[in-house]
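Structure record follows, encoded as structure tokens.
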Amino acid sequence: MSVPFRFRLETVLRVRRIEEDRAKEVLAAMTRRVALSAAALRQASAACEALPTVLAPMDSGAFADFRQRAGWLVERASAAREALDDALAEHELARAAAIGARQKVATLERLAERRRREWMDERERAEVRAIDDVVSARSAAQRMEQSRAG
């Protein structure tokens, strides 16, 4: 009876798969963060674009309030742009980590498959040797029998 196949790096492969799953989760979270940051930027930009370009006559207090609100909206849009840039940079890092994790898993999977093929080939060679031994023994037994009879 032959020994069942066992990949000696199976534990490492299992750990790499867990790392890959975690990297995918981080990438998904970063993708959501990019989407939320982009939505916040669109909203802040729309608020800035909604500001009137031509102002009706107003007193100095109303004009100061308008300038303060406009300044706050521009700052909000600028902060949203920075948040989106940060999210995109982190997303790129997470994407690179996910790709690296996938490559590590793929490398180990290829190695496992190569070892499995080698194991199958060796098992097949052992079976052929066993069959050859049986045939050789049978042939030797027949020759011995013939030499005794003859």
Could you work out which residue, out of THR11, THR31, THR53, moves most in a Gaussian network model of the chain, that is, has the largest mean-square fluctuation with Cα springs under 10 Å?
THR53
Below 8 Å between Cα atoms, with a sequence gap of 6+, how large is the relative contact order for the range 10-109 in percent?
57
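So if R0 is 41 Å, what FRET efficiency would LEU36 and GLU10 give, r being the distance between their Cβ atoms, rounded to the nearest 0.05? Walk me through the numbers on the way to the answer.
Values: r = 39 Å, r/R0 = 0.96.
With a Förster radius of 41 Å, E is 0.55.
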Find the percent of Cα-Cα distances in the chain that exceed 22 Å, and round it to a whole number.
70
Pick from ALA38, ALA77, ALA46 the residue whose mean-square fluctuation is largest in a GNM of the chain, springs joining Cα atoms under 10 Å.
ALA46
Let me know the charge dipole size of the range 43-119 about its Cα centre in debye, to the nearest 20, where only the beta-carbon of Lys, Arg (+1) and Asp, Glu (-1) is charged.
840
Suppose each label sits 7 Å from its Cα in the direction of the beta carbon; what would the VAL128-ALA140 distance come out to in nanometres?
2.1
Per-residue HN-Hα couplings for the range 131-140, Karplus 6.51 cos²θ - 1.76 cosθ + 1.60 at θ = phi - 60°, whole Hz, x for Gly and Pro?
5, 4, 4, 5, 5, 4, 5, 5, 5, 5
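Laboratory data are not the source of any read-out in this text; all were calculated from the coordinates shown. Just so it is clear, the model here is predicted, and its values are computed rather than measured. Using ideal geometry, Cβ is built from the backbone for each residue, glycine included, and neighbour counts are taken over all protein chains shown.
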